[in-house]
2 protein chains.
Amino acid sequence: MRAGRSETLRRTGRVRPADGRIRDASVRLFAQKGFQGTGIREIAAEAGVTTAALYHYVDTKEELLLDIMYGVLDPLAAAARRIVNEVDRPEARLSALVEHHVWFHATNQLATVVTDTEIRSLGSEVRADVIARRDVYEAIWRSVVADGVADGTFRVDDPRITAIAILQMCTGVAHWYRPTGPLTLTRLSRRYADLVLSMVRAARGGVPVRADTLELPSPARGLDAHV
Amino acid sequence: MRAGRSETLRRTGRVRPADGRIRDASVRLFAQKGFQGTGIREIAAEAGVTTAALYHYVDTKEELLLDIMYGVLDPLAAAARRIVNEVDRPEARLSALVEHHVWFHATNQLATVVTDTEIRSLGSEVRADVIARRDVYEAIWRSVVADGVADGTFRVDDPRITAIAILQMCTGVAHWYRPTGPLTLTRLSRRYADLVLSMVRAARGGVPVRADTLELPSPARGLDAHV
DNA sequence: GTCTATATTTGGATAGAC
DNA sequence: GTCTATCCAAATATAGAC
């Protein structure tokens, strides 16, 4: 349908490199129709090239999927490490993790949906690597929840299950969020942080901690747009 | 690999009807490899029949997927309606909805994972119908949350977003739960209900409501095994 | 870097015998 | 109800010219 090329022309006034167009087309189509449901011909057509030209930039279809997933998992893990380094208290760490995760999934919906749903389409070798990177990220969340329970800031029965539940709830934003809604992304992220602080029964000196009362560094809130 | 037939023999001592074997094979394979990633030949082989025999029972591959989804969405909606009819107060309704949803997703993991991830593989006509049935179910959750906010039992900023977040968190159980863990299903479901009651800040007379203090009819807890 | 043309395998689905 | 054999469209990927 050549939508890729004409869209590029409309936005930029000139044709962008085929490389980027192919990447954009693949993430759009994988998110919409699934990896296995998307043909290499569709990707080429959407990017405005032939299949032969596509294979000048890419070795296999799976490579496109893998690029998308690394482009999600690596920035997420980097941000989580940065947050743990820069923020001290468990409730502030958890809040910052949630706000960044939600913001990232709302601003990278296509790529995060693909990462969330297409792990089973990977070959077993690369799949193990992707799962390992995802586990690194989840382990940071688990430890933050566990730390909060250990020092009495959070009160939950099972930190491991709670961390998984929180993560799945926040990842879900990628599946339903539409930018046309009444809520700004900053407010949406804050709202999720508030839900999570309630869920873990976060409290200081017997009084519940709300997301709006926390002072977080702006980068920890995930609002630096270097993605 | 003929695992379907030999598995049947080992469990029952005789060969079950091909119809059921085909259904079981399809849900196993769709959950593991995705709908588009599963071939009609694989399903037939796993069920211990030829592709020609398979087409004696089924018209199209999509019909197999649709049967799986209806087998998930219709019982879920029926249970939700039953709960709303039999249970009065918002915190008890929400708790019962959560416990049933979690229990159902843990005891029907393959089918619920397929239902949760393969809607995009449906043709547009049937897809609209599946989405409509899912929306019916979600609307019940939304109204229960909204009722609790309206009568002051729950305190959340945005009932609609909160209901979506809760549902996605509970649906996630199908993706990680393994029956070998230390937790019984009853306790797991109760734990999720507790997380949810915390999340909506459920309280009666100023004191937080916990899942263990609620008296729910056993069917509302979702422990009647007619699935 | 991009094209036309095609090799090769696999996909869903069917015909017709038993 | 189940089989063998097969049709035909679509899949990924490549060859070789420009």
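The values are calculated or read from the model by the stated rules, or taken from the named source; none is laboratory data. The structure displayed is predicted, hence computed values, not measured ones. Please note: Cβ atoms are built from the backbone with ideal geometry, for glycine as well, and neighbour counts cover all protein chains shown.
Descriptive notes on the structure:
- Segments classed as helices (runs of 4 or more DSSP H), wholly inside the stretch B:119-181, with at least 2 members that are in contact with a Gly (Cβ under 8 Å, 6 or more places away or on another chain): B:159-171
- Residue in the stretch B:195-215 that is surrounded by 20 or more Cβ atoms within 10 Å (Cβ to Cβ) and modelled with pLDDT under 95 present: yes
- Set side by side, the residues B:E46, B:E42 differ, and just one is buried (at least 22 other Cβ atoms within 10 Å of the Cβ), within 16 Å of DNA strand D (Cβ to nearest atom) and not polar (S, T, N, Q), which is B:E46.
- Looking only at residues in the stretch A:19-32 that are farther than 20 Å from A:H105 by Cβ and touching a helix residue (DSSP H, G or I) at 6+ places or on another chain (Cβ under 8 Å), the one that is farthest from DNA strand C (Cβ to nearest atom) is A:A25.
- B:W103 under 12 Å from the mean Cα position of the chain (by Cα), surrounded by 21 or more Cβ atoms within 10 Å (Cβ to Cβ) and more than 25 Å from B:G37 (Cβ to Cβ): yes
- Out of B:D151, B:D74, one residue alone is more than 18 Å from B:V200 (Cα to Cα) and either more than 12 Å from every other protein chain (Cβ to nearest Cβ) or touching a Pro at 6+ places or on another chain (Cβ under 6 Å) (or both). It is B:D74.
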